[in-house]
């Protein structure tokens, strides 16, 4: 089976230029391709993870990935999928974020012996002469066509800055640069990048009179069409300091039944026969599939040991077996005794605010030990602790272990 068939069977491929040519190319040759990542935060998130999986499948089939860090493009900001202009970042912040990305990407992609490249478009974009670019590149890009692109259309009513309007030109130039210097002939990206990718493909074909191709993969959405990877705290990050392995595990353990098979296909390397078997489970049995999904995805992102510990913590909290040592934990000292429980939980970052705590209590959603909290002014005492710890539960699925130092 070629990697094209693999990507298609697992549900990655969304749109593609020159489909028959690409299918034949991926079956018979080994190509260099790239995916771009603008370092707009200091960690990759689960949306990037999908791109990492595509890269990994391609690399396993013998193709060479280029991970392109957008040190230059991040200074402008991609308008795709955004209703407002991105916040401008300093070069120092962008560079710091790019270094964070590099470390995380090594978990998924083998960069040894030239098997993959990691480049930064700041190396060429920041050196460009504006008039030269207009003469060399601008002449090949139709403004009429650019304005029909989805990434621009939805912004025209609210206002699209000339800064952002240049983003497509910059991304097309990236593809041209990689084509010239690294023989890169394909750009891949999320489906919201389709217009930007087509611009680069057309530019190379017009300017170099050589073949170039584009392929987009599906965005990670629920069966209801909502973007996955959002938690109460914000994005689902791949950095363990921003989203703990336990929280990461629990996110996948709690996905909707209808999304399990899709997530197994896209976010794990399990054989499709096993994916379909697990996806066909129903009712209580689907929990087996969710446990496998959570373990496999956490193993890829955080390593097998962290995945095992997260699984044990979840089993201890929800199944009555396993170790609580790796459950989310907050420590308070003796000075917390005699204070209101709400104040302690907010100070320990177990609850986001006092108003949220009171709302939770009013709805019967906060429990300390085995006791449901009904009084927002409840005072924390030594009696609440057993062997120096007590479990705090908010809602049905969120546990924290409170330790008394």
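All of the numbers you see were taken from the coordinates with simple rules; none came from a lab. The model shown is predicted, which means the values in this text are computed figures rather than measured ones. Using ideal geometry, Cβ is built from the backbone for each residue, glycine included, and neighbour counts are taken over all protein chains shown.
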Note to self: C-alpha centroids of the stretch 251-300 and the stretch 108-170 sit apart, in Å, by 37
If the chain between residue 27 and residue 127 were fully extended at 0.36 nm per residue, the gain over the current Cα-Cα distance would be 32.2 nm
Taking the DSSP beta bridges in the chain as the whole, what percent of them are antiparallel, to the nearest 5? 45
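Calculate, in whole percent, how much of the Cα-Cα pair population of the stretch 3-217 lies beyond 22 Å.
When every Cα pair of the stretch 3-217 is considered, 48 percent fall beyond 22 Å.
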Work out the FRET efficiency for residue 207 and residue 343 from their Cβ-Cβ distance, taking R0 = 60 Å, and round it to the nearest 0.05. 0.40
For the chain, what does -39500 (n - 2.57) per DSSP helix run (n ≥ 4), summed and divided by total residues, give at 222 nm, in deg cm²/dmol to the nearest 500? -13000 deg cm²/dmol
In whole angstrom, note down how far apart the Cα centers of the stretch 194-225 and the stretch 10-44 are. 8
Quote the FRET efficiency, to the nearest 0.05, computed for residue 396 versus residue 156 with a Förster distance R0 of 51 Å and r equal to the Cβ-Cβ distance. 0.70
Taking 0.36 nm per intervening residue step and subtracting the Cα-Cα distance, what contour gain separates residue 330 from residue 93 on full extension? 82.3 nm
At 7 Å along the Cα-to-beta-carbon direction for both residue 110 and residue 241, put a label point, then send me their distance in nm to one decimal. 3.0
Most fluctuating residue of 235, 56, 348 in a GNM of the chain with Cα springs under 10 Å: which is it? 348
Could you calculate the contour length gain from residue 233 to residue 277, that is, 0.36 nm times the residue separation minus the distance between their Cα atoms, to one decimal place in nm? 12.5 nm
Rounded to the nearest 10 degrees, what's the angle between the helix 194-207 long axis and the longest principal axis of the chain, both from Cα atoms, 0 to 90? 20
Please give the residues of the stretch 203-241, grouped as numeric ranges, whose backbone N is less than 14 Å from a label point set 7 Å along the Cα-to-Cβ vector of residue 356. 231-235
Using a ≥ b ≥ c from the Cα gyration tensor of the stretch 255-405 (square roots of the eigenvalues), is it rounded, prolate or oblate, where a/c under 1.5 gives rounded and otherwise the larger of a/b and b/c decides, a/b for prolate? prolate
